[in-house]
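A.B. asks: Pasting a structure here, questions to come.
The values are calculated or read from the model by the stated rules, or taken from the named source; none is laboratory data. Everything numeric in this text was worked out from a predicted model, so none of it was measured. Please note: Cβ atoms are built from the backbone with ideal geometry, for glycine as well, and neighbour counts cover all protein chains shown. In case anyone asks, the SASA skips ligands and DNA or RNA and just uses the protein heavy atoms, side chains included. Shrake-Rupley method; radii C 1.70, N 1.55, O 1.52, S 1.80 Å.
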Amino acid sequence: LPLCFPEKLWKMLESDQFRSIWWSEGGKCVAINKDLFKVEVLGRGVCQQVFNTRHIKSVIHQLNLYGFTKVQRNFLRSASLPEFLSEEAAASAHSQILYYYNPSFNRAHPWLLGTCTRR
């Protein structure tokens, strides 16, 4: 039987094959490097496709359908201009990373995966 979306996602996160997606926040969030994900996962040939799409928006739509919510990352900013500018550059690079959370999708509690159902 083909795997459902959360099962595919879990296998990707547990695999060492992908650098564009990883567990974050101690296994409570999914982190996706958007640009790398487009190349590494969505840019694969038909025989190696993980998802039946080549568009990041479709993957995000699936995350939303399965109850994932986007988590905003807030950074404290420095008052000094040089530090602020370097923090700004780091935040810009960091903006390519998307974070998604679902209480039923937790690395420490794999048995909850079955409760992660489509809305």
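A.B. asks: Within the range 1-38, how many residues turn out to be within 16 Å of residue 53 (Cα to Cα) and of a type in the set (Gly, Ala, Ser)?
C.D. replies: 0
A.B. asks: Something else: Out of all the residues in the range 42-54, is one or more modelled with pLDDT under 95, surrounded by 12 or more Cβ atoms within 10 Å (Cβ to Cβ) and either within 11 Å of the chain's Cα centre (by Cα) or in a helix (DSSP H, G or I) (or both)?
C.D. replies: no
A.B. asks: Residue 85 passes all but one of (1) open to solvent by less than 80 Å² (accessible area, probe 1.4 Å); (2) of a type in the set (A, V, I, L, M, F, W, C); (3) at pLDDT below 90; (4) outside any loop (DSSP other than H, G, I, E, B); which number fails?
C.D. replies: The number of the failed condition is (1).
A.B. asks: Give the residues of the range 11-25 that are outside any helix (DSSP H, G or I) and open to solvent by less than 80 Å² (accessible area, probe 1.4 Å), sorted by residue number.
C.D. replies: Those that are outside any helix (DSSP H, G or I) and open to solvent by less than 80 Å² (accessible area, probe 1.4 Å): 15, 18, 20, 21, 23, 24.
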